[in-house]
Amino acid sequence: MSDKGPEVKIDFKGFKPPKGSGSFAVVALGLLGIGYAVRNCVYTVEGGHRSILFSRISGLGDEVLNEGWHFRIPWFQKPIIFDIRARPYKFVSPSGSKDLQIVNIGLRVLHRPSRDKLADLYRTLSIDYDARVLPSITNEILKSVVAQFNAAQLITQRPLVSQLVRDRLIERARDFHIMLDDVSITDLSFSSEYTAAIEAKQVAQQEAQRAQFVVERAKQERQEKIVKAEGEGEAAMMLGKAVQSHPGYLKLRRLKSAQEIARIISSSHNRAYLDARNLMLNLGDFNQEKK
């Protein structure tokens, strides 16, 4: 017995496609063609961007296209889109000051391409214009400006240094059709040796000021003691003269002292018994003096 099943033969000689299938295929192909054309003939320029067209026949066009939908011929035309929004660029450059000190200056630049010169910018620098131009011109401007000041002036006259860098960098970038909206110095540091020298100098100045203060204070204290001694001597001389000319002056001083002692003891919570001698009255001595 054979394991093969019965053979089936199909005769396509009499087969005819259904009516209308040819027109359906034509419509489908037409829709696919339209979709391809729409996809490749239309492109969108997003907000904050501008576009220029490169033609394989006429080359790069000068017309700048705004945001929105735009048409192009597939394969013959290629859109080149630029981001015209301001973008930050940070740069750190070691530069030499006028007194031969190494200064590390950090700079932040907000840049964007010139809208009317996108075609020229692409011809000369391509789409990555910032990476090609900004490092070189920033380094050049920083070194030329820093060389005009010494290290101390870079700190005390920082606004002037920043203004000079800004003006020169804006003027230099304009030659490459690059607009700078803001230029600011973000960091200013010196070498470790110079920083240590400045700290040592500050410490020495503080020590000198402290020593000068100690000397001045000693002079003031000596002058105070002299004045106090002179005043005490004059007071003693005046007291001696008063006692000699007025013997009753000592008695008056005793009475005032007794009043002060009595006032202090009366305000205390403890009880104390004092005689006339403790109160410095010494009435018996007064009687003896009278005799």
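The values are calculated or read from the model by the stated rules, or taken from the named source; none is laboratory data. Since we're looking at a predicted model, the values are computed, not measured. We place every Cβ from the backbone using ideal geometry, glycine too, and count neighbours over all the protein chains shown. The area values use the complete protein model at the heavy-atom level, side chains included, leaving out ligands, DNA and RNA. Shrake-Rupley method; radii C 1.70, N 1.55, O 1.52, S 1.80 Å.
Data for the structure
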| item | result |
| --- | --- |
| Debye log10 I(q)/I(0) at q = 0.20, 0.26, 0.30 Å⁻¹ for the range 123-184, Cα point scatterers | -0.77, -1.10, -1.31 |
| Charge context of R85, other residues only, Cβ under 14 angstrom, K/R +1, D/E -1 | -2 |
| Pair S23, Q259: separation of 7 Å Cα→Cβ label points (nm) | 13.7 nm |
| Over the range 23-105: Kirkwood hydrodynamic radius from C-alpha pairwise inverse distances, Å | 16.9 Å |
| Potential lengthening between I73 and S189 on full extension [0.36 nm per residue; Cα-Cα distance subtracted] | 36.2 nm |
| Whole-percent carbon and sulfur share, accessible surface of the range 165-226, 1.4 Å | 51 percent |
